[in-house]
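Accompanying notes for the structure given below.
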Amino acid sequence: MLRRGAPESVIDATLEKLRVLNYINDEAFARNWALSRAQNQGWGPRKIEQELRTKGVVQTEIRQVVKATFEQEDELTRAGKVLKKRFSGANLEEPKNLRRALAFLQRRGYSNNVIFALLRCPVDDNC
């Protein structure tokens with residue numbers, strides 16, 4: 001607003017109104033954003049943490065949000081669903097498919113422990 005030439009009094013009044021209406025709330029934004037990315041795009045905790053950090057959310061809020069997001073459904077279960085959706089017909093015994101699945105889960109932000117636990121058994125099994 002400063003770059004557009006708005007007076008400082010107007011900026012202050014606008015920001016105060018947004019605070020009163022609860023439109024400026026980092027915790028609510030982070031919570032909704034993380035839940036959306038985890039459910040709709042299958043993102044893991046690492047990717048969510050990284051993205052929230054780039055959006056300027058405080059680290060303590062990031063930890064709380066990620067913990068709350070993955071409390072409802074643990075990381076292993078969520079990663080299993082994402083893997084099954086993407087690689088349901090693939091034979092993960094083949095090295096090429098295994099590498100692709102591993103890289104896919106890493107890009108989604110899942111931890112190596114979760115990835116290796118999932119890739120030890122076939123995608124369609126419930127190990």
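Restricting Arg46, Arg100, Arg108 to those that are surrounded by 15 or more Cβ atoms within 10 Å (Cβ to Cβ), within 25 Å of Ala28 (Cβ to Cβ), outside the structural domain of Glu27 (by TED's automatic domain parsing) and not aliphatic (A, V, I, L, M) reduces the list to Arg108. Among what's in the stretch 49-96 and is modelled with pLDDT under 90 and among the polar types (S, T, N, Q), pick the residue that is farthest from Ala30 (Cα to Cα). Ranking the candidates gives Asn91 first. Can you name every residue in the stretch 98-110 that is in contact with a helix residue (DSSP H, G or I) (Cβ under 7 Å, 6 or more places away or on another chain) and assigned to a helix (DSSP H, G or I)? Within the stretch 98-110, Leu98, Ala101, Leu102, Phe104, Leu105, Gln106, Arg108 meet the criteria. If the condition is being surrounded by 12 or more Cβ atoms within 10 Å (Cβ to Cβ) and either of a type outside the set (A, V, I, L, M, F, W, C) or more than 10 Å from the chain's Cα centre (by Cα) (or both), then the stretch 31-40 contributes Arg31, Asn32, Ser36, Arg37, Gln39.
Under the condition of being buried (at least 16 other Cβ atoms within 10 Å of the Cβ) and either assigned by TED's automatic domain parsing to the domain that holds Phe104 or under 21 Å from Val114 (Cβ atoms) (or both), the residues counted in the stretch 49-67 number 6. Within the stretch 28-42, residues that are among the small types (Gly, Ala, Ser) have Cβ atoms under 6 Å from residues that are modelled with pLDDT under 90 in these pairs: Ala34/Thr69; Ala38/Thr69, counting only partners at least 6 apart in sequence or on another chain.
The values are calculated or read from the model by the stated rules, or taken from the named source; none is laboratory data. The structure displayed is predicted, hence computed values, not measured ones. Note that we place each Cβ from the backbone using ideal geometry, even for glycine, and neighbour counts take in every protein chain shown.
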